[in-house]
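What follows is a single structure, written as C-alpha cells, with notes after it.
Values in this text are rule-based calculations from the coordinates and carry no lab data. From a predicted model like this one, the values you see are computed outputs, not experimental measurements. Here Cβ is always computed from backbone atoms with ideal geometry, including for glycine, and neighbour counts include all displayed protein chains.
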Amino acid sequence: MKRELFSLLLLAMFVQPITSARAAEANSEAAKKSRYEKLELFNKVLYLIESQYYREVDTEKLIEGAMNGMMNTLDPHSAFLDRDIFAKMQEETSGEFGGLGIEVTQKDGLLVIITPIEDSPAYKAGIKPGDKIVEINHESMVGVSLEQAIDHLRGKTKSKIILGIARDGLDGVKNFELTREIVYLKPVKYELLHNNYAYIRLTQFQKKSAEYIIEAILKIRAQIKDKAGLKGIVLDLRSNPGGLLDEAVDVSSIFLKDGIVVSTEGRDPKNKEIRYVKKSGHKELDVPVVVLINGSTASASEIVSGALQDSKRAIIMGAQSFGKGSVQSVAKIDDQIGVKLTIAQYMTPSGKKIQAEGIKPDVVIDEVEAEFVDNNRKESTFIREKDLKGHLTATIETEEERKAREVTELKERIERTERYKQLREKKKKGKTKEVVAVGGDDEDNRKIAPKDDYQVNQAINYLKNIGLIKSLKF
C-alpha cells in the first residue's frame, strides 16, 4: 500500500510540471485566438463602415480614431501621436515656444488647466488653475481627447483664439480672447528678503534650471551685507507643472549630500530605476530650506519636494500637491507617428508613491494675501502691564533710564492707536479685498510681490525661528 502511494506521489511530481506547462501553453494559445478574433471583428466593422456608410470615409482617419480610443482606455497621459502631434513632441524643452502658456490635463472628459505659465498670454488674461476649457473658438471640447484639444490650442504666432472657460463659482461660460505668442520661459525669479533670506521661485523644470538656481543663490549671497550671511532659502514651487526629470535630480542635488532622489516602479516591481543625488557641483547643505507647494505643484516639482521631505532636508509648506507621479515614454512607430505610453510610477526615496496622492506638506498654510490679513486683523486694544502708570519693571532703573522708557512706551501707544485708526478708515472705504480664489480675482492680486506674500512670510518666520523649534521637545 505504501509502495503504491509512493509511486502515485512520484507520478504526480513528474506529471505536475508537464500539466502546468501544457496549461500555460493552452492559455497562451487561447489568448492569441481571442486576440485574432477581436482583430477580425475590428476588420468586419471597418469593412462595414467603408462599404455601407452613407458617404465616402477616410480609412486612415478611422484607424487613427480607433487607436486614439484604445489609448484613451488606459490613462489621461497615454496617447496615440499622429504626424502633427508627434512632430511637436520631438521638440525639446528649450526655453521658448509659441502658444498660450498653459499646462493642461484631462479629467472626466474635460480639459482642466493645471497652471498658466507666468507672463504668458493665458496668465495675463486672467486664466486660473482649475479652470475648465469647455469651448475653443466656440467649438465644444467636452469629450474631445487631450491630444486633439491641445492641437486646437496650438496655432500660428499672433493668431487669436477664444477660450470658453467654466469656473467654479461662475455661472455659465466666460470667453477669454487670447493672442498666441512666443512664450519665453523665465524659470527662476529671486529676491533677497529680510536682509538674510533668499526667495527663489522656479516656474518650470526646463534645461539649466538647476544652474539658474545656483546663479540666483550666488547673486543673493553677494547682496548680503550682514556678517551673518545667508540664513535661509525659500524655494517656491507653487504652480510649477514640472518638466525635465534630469533637472529635478540636479535641483535636488543642490541641497542634498547623497542618497536617492527618486525611483521608478514599472510593470515588474522587481525592476526599479533609481536616480541618485549628484555628488559634484555647487552644494547648499547647511542653510535651512522651506519649500512652498500647492495643488498645482506637479511632476518634477513633486519629485524635488518628496526628496527633500524624506531626507528631512527641508520643511514642506502650503497645500497638498497635484499628484502627477507617472512616467511616460514616447515610442516611435515609424518616422512620422508614435505612441506616448505610461510605463512606470515615481516613488520618493522612502518608497511613497506620488501618483494621485501628491506630496503632503509638513505645515499646511492656506494661500491668502498679506494685505487681506492686514486689513482683516482684529482691532485688539488690550491694556497690558506696561501700560499701567508706575508699573514695575523687570530690572532696577536709574531715573534717566525710566524717563527714556516712558517716552518710548508713549510713542508705541501713539503708533498703535494710529495703526488701528488707519485700519478702521480702510474698512469704512471698502478697501478690504475679497479673496475669491488663489491670488484673488483681479490681475493685480495675481502678481503679489514676495515680500507681501502671506505664505512666503510664514516660511521666513519659520526659518527665523528654526533654532528654537528644533530645540523644543514635545
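Structural remarks
- Region 188-364 - percent relative contact order, Cα under 8 Å, separation 6 or more: 20
- Of all DSSP beta bridges in region 188-364, antiparallel share, percent nearest 5: 55
- Going by neighbour counts of Cβ atoms within 10 Å, the residues Ile127, Ile260 line up, fewest first, as Ile260, Ile127.
- This model, with +1 at the C-beta of Lys and Arg and -1 at the C-beta of Asp and Glu, gives region 188-364 a dipole about its Cα centre of some 300 debye.
- In this label model, Val173 and Asp366 are separated by 3.3 nm, measuring between points 7 Å along each Cα→Cβ vector.
- Counting other Cβ atoms within 10 Å as a rough exposure proxy, the listed residues Thr342, Thr408, Thr297, Thr73 run Thr73, Thr408, Thr342, Thr297 from fewest neighbours to most.
- Residues of region 116-142 with amide N under 18 Å of the 7 Å Cα→Cβ point at Lys158: 121
- Over 20 Å (Cα to Cα) - which of Lys272/Lys352; Lys257/Lys278; Lys107/Lys186; Lys107/Lys156; Lys207/Lys231; Lys128/Lys156 fall in this group: Lys107/Lys186; Lys107/Lys156; Lys207/Lys231; Lys128/Lys156
- Inter-label distance for Lys257 and Glu37, nm, one decimal - labels placed 7 Å from Cα along Cα-to-Cβ: 6.3
- Of Lys225/Lys464; Lys189/Lys353; Lys33/Lys332, pairs whose Cα-Cα distance is over 20 Å: Lys189/Lys353; Lys33/Lys332
- Residues Asp119 and Leu218, FRET efficiency given R0 of 22 Å [Cβ-Cβ distance, rounded to 0.05]: 0.35
- In this structure, Ile274 and His138 have a Cβ-Cβ separation that, at R0 = 35 Å, corresponds to a calculated FRET efficiency of about 0.10.
- Stretchable slack from Glu406 to Ile333, in nm (0.36 nm times residue separation minus alpha-carbon distance): 18.0 nm
- Taking the Cα centre of region 34-73 as origin and assigning +1 to Lys and Arg Cβ atoms and -1 to Asp and Glu Cβ atoms, the resulting dipole is close to 160 debye.
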